[in-house]
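Student: Handing you a structure now.
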Amino acid sequence: MVRKERVFIPKPKSAFLQAVCVKCGTENVFFSNSTRDVKCKQCGEVLGRKTGGRVELTEAVGEEIRQIDYA
Ligand SMILES: [Zn+2]
């Protein structure tokens, strides 16, 4: 049985993530290893919580998550 979950493959280098807020549909771009809680720039909904490492995404993040490499 395959469970569908959002799992990020850990990478040694951090990256920028692009996620859509489910509350207002706004696209947000944030740092995957942010040291602060990530909030939607439009409505302020918390999209990710700081963990000391990689940001833990909340339910407010839609399915459309992309990793952006600026390499
Ligand atoms: Zn929002």
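Student: Can you name every residue in the stretch 26-38 that is under 13 Å from residue 61 (Cα atoms) and either touching a residue at least 24 places away in the same chain (Cβ under 8 Å) or in contact with a Phe, Trp or Tyr (Cβ under 9 Å, 6 or more places away or on another chain) (or both)?
Tutor: 29, 30, 38
Rundown of residues vs (1) more than 10 Å from the ligand (Cβ to nearest atom); (2) out of contact with any Ser or Thr (no Cβ under 9 Å at 6 or more places or on another chain); (3) at pLDDT below 90; (4) assigned to a loop (DSSP other than H, G, I, E, B), yes/no style:
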| residue | (1), (2), (3), (4) |
| --- | --- |
| 8 | yes, no, yes, yes |
| 23 | no, yes, no, yes |
| 35 | yes, yes, no, yes |
| 41 | no, no, no, yes |
| 44 | no, yes, no, yes |
| 47 | no, no, no, no |
| 53 | yes, yes, yes, yes |
| 63 | yes, yes, yes, no |
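The values are calculated or read from the model by the stated rules, or taken from the named source; none is laboratory data. Computed from a prediction, not measured in an experiment: that's the story for all the values here. Please note: Cβ atoms are built from the backbone with ideal geometry, for glycine as well, and neighbour counts cover all protein chains shown.
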